[in-house]
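Notes for the one structure printed next.
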Amino acid sequence: MLPPPSNKLIAHLDMNSYFASVEQQANPFLRGKPIGVCAYLHKNGCVIAASIEAKRLGMKVGMTVTEAKCKVPSAEFVENDPPKYRAVTSRVFSILHELTDCVEHYSIDEAFLDLTGWYRDAAEAAWALARVRRRIKSEVGEWLRCSIGIAPTRFLAKTASDFEKPEGLTVIDRDNLDEILSQLDLEDVCGIGPRIRQRLERAGIMTLMELKLYPVANLIRLFGKYGFYLWCKVNGMECEKVLSPQYLVRSPQPKSIGHSYCVPERVNRDGKVVAVLTRLTERAGRRMRREGLLAGRVSVAVNVLRPGSYVLGQGMRPSMRPTQDPGPRTQDFYSDFLHFSEPASDSFTLVGTACSLLQKIWHGERVNFLAVTLSDFSTPSLQKILPLKIRGTEGGYEINRRRLISDAVDLVRDRYGDEAIMFGSMMGISHEAPDRIGFRKTDGVDISKI
Ligand SMILES: [Mg+2]
C-alpha cells in the first residue's frame, strides 16, 4: 500500500562553503578572497572546502593543492581546524533548537528540523527561518552563509535547500513541486548518481518528472525496494523521519577504537615516533572512556622502512612515486598485541602498554605508518574498588588513582582543549597526527555548552 502524501513541515538548513566561510569569519584578511581549506598544507594535500570566490574560479573539493593552485593561482590555502568548526556548528545548532524540539544534526554543516505543529504553514516557517539566518549572521558570524529549504518531506526539503545556493530560501509544496522538478536534472537530487542515472535512462526515464509519473510497480521490478523509495520521494511521500538526538537509538557498542597515522619523514628525523604513538593512544583512550568502556586488548602496528627505501608522502599516489628507483627497497609491517588480565581504561596503562609493544617490534628504524587499536571492550563493574594500599601489589589503590587522574585530565581537556595537559613525551609534536573532521560526523558538537 502506498503511503499518503506527507502533510508535515520539514526544513533543511545547509551552511555553504562551510569550513572556508568559518576561516574567512575568523580571519578578516581572507574575506572576499579565493581560499581553499585543506586536510594538509602539502602539495598533495586534498582541498576539503573552497570559498565561494574560489568555487567561482573553478576550484573544486577533492582537488590536490597543486591542482587547485594551477586552477586558481591567486588562491590562499589554510589547514583545517576541526575544533573551530565544531564550536561554530554548536552555536548555529543551538539557535535551531529554539525553533522546535526535533532537530537532526545531519552533518557538521547541515540540519533537518521537523516544524510540524510549531508553525501553521510553510510561509510562517519561512519567516522564522529567515529570522534564524539573520541571527546566525549577527550572533555567530556575518560571513556565514546558509541556504534553506522547506517542504513536506526530508528529501524535498534537501532538494529545496540545494535549489538556490549560497543564500536561497526555497519552499516546495504541492503547487510548485512539478515546476521545481522540471527545472532539475536527474543527478541534482540526493540519491541519484551516475550509475542509477544510467539504469533509469535505460528504462526510458530521462527527467525527474518522467520518474514521478512512471508506474511504481515497474520501478519496483527494476530497482526493488529502492525503486519504491525513489518514487515516493519524488511524489512527496514521506519515507524517512527527522531523527532528533533525543529520539535516536543509541548506536551499538563499538568493537574496536583506534587511530593510525602516515608518519612523515620529519618525525623520524626528530626522533618523535614514540611521541606520535603516545598521542594516538591517548586519543583512542579518551574516545573509549567517553563511551564508558574498558579495553581488554591493546594492539600496535608499524610499517618499518629498510635502508634504500623511499618514504611515501602523505596522500602520494602510486603514479607520483619517484621514477628513479633509489635502490633496493623493503617495507616490513609488524604488529603485536597484549591481553590485559584486568581490563583497563586509564591513560598510563594504555600508553605504557602501547609503547612497550612498539619497543618489541621496532628498533629505531625509519617508519612511515603507525597504528594503535583498543578492543575486547567491557563495561566497568558496579562493584566499588576499595582504595586500599596493599604493600607489594598495585591493588585497588593504584588502579583507582590512575583512573581518577585520567578522568580529571579528560575534564581539563574538555574545557581547555587537547593541548592543555599532556604527557611530557608528547611535547613538541603539536602539529603531528592532528585532529581530523568528517562531514557526516557531529561528534564534539555540543549545544549544551552554549
Ligand atoms: Mg554544506
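The values are calculated or read from the model by the stated rules, or taken from the named source; none is laboratory data. Just so we're clear, the structure is a prediction, and the values are computed from it rather than from any experiment. Here the Cβ positions follow ideal geometry from the backbone for every residue, glycine too, while neighbour counts run over all protein chains shown. Ligands, DNA and RNA are stripped out before the accessible areas are found, and what is left, the full protein with its side chains, is counted by its heavy atoms. Shrake-Rupley method; radii C 1.70, N 1.55, O 1.52, S 1.80 Å.
From the list E104, E67, which one is in the same structural domain as D162 (by TED's automatic domain parsing), out of contact with any Ser or Thr (no Cβ under 8 Å at 6 or more places or on another chain) and of a type in the set (D, E)?
Details: E104 fails: out of contact with any Ser or Thr (no Cβ under 8 Å at 6 or more places or on another chain).
Among E104, E67, only E67 is in the same structural domain as D162 (by TED's automatic domain parsing), out of contact with any Ser or Thr (no Cβ under 8 Å at 6 or more places or on another chain) and of a type in the set (D, E).
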Give the residue that is nearest to S21 (Cα to Cα), with candidates limited to residues of region 49-62 that are within 21 Å of the chain's Cα centre (by Cα) and buried (at least 20 other Cβ atoms within 10 Å of the Cβ). S51
Would you confirm whether or not region 172-189 contains a residue that is touching a Pro at 6+ places or on another chain (Cβ under 7 Å) and of a type in the set (S, T, Y)? no
Only one of T116, T100, T89, T66 that is buried (at least 20 other Cβ atoms within 10 Å of the Cβ), away from the ligand (no atom under 16 Å from the Cβ) and of a type in the set (S, T, N, Q): T100
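Yes/no matrix, rows are residues, columns are (1) within 15 Å of the ligand (Cβ to nearest atom); (2) open to solvent by 30 Å² or more (accessible area, probe 1.4 Å); (3) of a type in the set (S, T, Y):
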{"residue": "F93", "(1), (2), (3)": "yes, no, no"}
{"residue": "E142", "(1), (2), (3)": "no, yes, no"}
{"residue": "G149", "(1), (2), (3)": "yes, no, no"}
{"residue": "N176", "(1), (2), (3)": "no, yes, no"}
{"residue": "I192", "(1), (2), (3)": "no, no, no"}
Search result, residues across region 73-85 that are surrounded by fewer than 20 Cβ atoms within 10 Å (Cβ to Cβ) and assigned to a helix (DSSP H, G or I): P82, P83, K84
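From the list A75, A49, A20, which residue is of a type in the set (G, A, S) and out of contact with any helix residue (DSSP H, G or I) (no Cβ under 6 Å at 6 or more places or on another chain)? Walk me through how you get there before you give the answer.
Details: A75 fails: out of contact with any helix residue (DSSP H, G or I) (no Cβ under 6 Å at 6 or more places or on another chain); A49 fails: out of contact with any helix residue (DSSP H, G or I) (no Cβ under 6 Å at 6 or more places or on another chain).
Only one candidate passes the filter, namely A20.
Give the number of residues within region 1-22 that are under 21 Å from the mean Cα position of the chain (by Cα) and without any contact (Cβ under 8 Å) to a residue 60 or more places away in the chain.
In the first step, residues of region 1-22 are kept if they are under 21 Å from the mean Cα position of the chain (by Cα); the result is 12-22.
Keeping just the survivors that are without any contact (Cβ under 8 Å) to a residue 60 or more places away in the chain gives 20.
The qualifying residues number 1.
Among the residues of region 414-439 satisfying the criterion of being hydrophobic (A, V, I, L, M, F, W, C) and surrounded by fewer than 15 Cβ atoms within 10 Å (Cβ to Cβ), which is modelled with the highest pLDDT? Before the answer, list the steps.
So the first thing to find is which residues in region 414-439 are hydrophobic (A, V, I, L, M, F, W, C), and the list is 420-423, 426-427, 429, 433, 437, 439.
If we keep only those that are surrounded by fewer than 15 Cβ atoms within 10 Å (Cβ to Cβ) too, we end up with 420-421, 427.
Working: A420: 81, I421: 84, M427: 73.
Looking at the filtered set, the residue picked out is I421.
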Considering residues of region 198-225 that are within 33 Å of the chain's Cα centre (by Cα), free of Cβ contacts under 8 Å to residues at least 12 places away in the same chain and open to solvent by 50 Å² or more (accessible area, probe 1.4 Å) only, the residue farthest from S6 (Cα to Cα): Q198
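Have a look at D114, D121 and point out the one that is over 30 Å from A420 (Cα atoms) and touching a Ser or Thr at 6+ places or on another chain (Cβ under 7 Å). Steps first, please.
Numbers: D121 fails: touching a Ser or Thr at 6+ places or on another chain (Cβ under 7 Å).
Unique residue meeting the criteria: D114.
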Filter result for the condition that a residue is assigned by TED's automatic domain parsing to the domain that holds I108, part of a strand (DSSP E or B) and closer than 26 Å to A111 by Cβ, over V61, V47: V47
Hey, Y310 hits all of (1) at pLDDT 90 or above; (2) of a type in the set (S, T, Y); (3) surrounded by 15 or more Cβ atoms within 10 Å (Cβ to Cβ) but one; which does it fall short on? (1)
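Do we find that I95 is more than 19 Å from the chain's Cα centre (by Cα) and farther than 30 Å from A125 by Cα in this structure? Talk me through it step by step, then tell me what you get.
Values: more than 19 Å from the chain's Cα centre (by Cα): yes; farther than 30 Å from A125 by Cα: no.
In short, no.
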Can you name the residue in region 15-48 that is open to solvent by less than 10 Å² (accessible area, probe 1.4 Å) and in contact with a Gly (Cβ under 9 Å, 6 or more places away or on another chain) and is also farthest from the ligand (Cβ to nearest atom) among such residues? G45
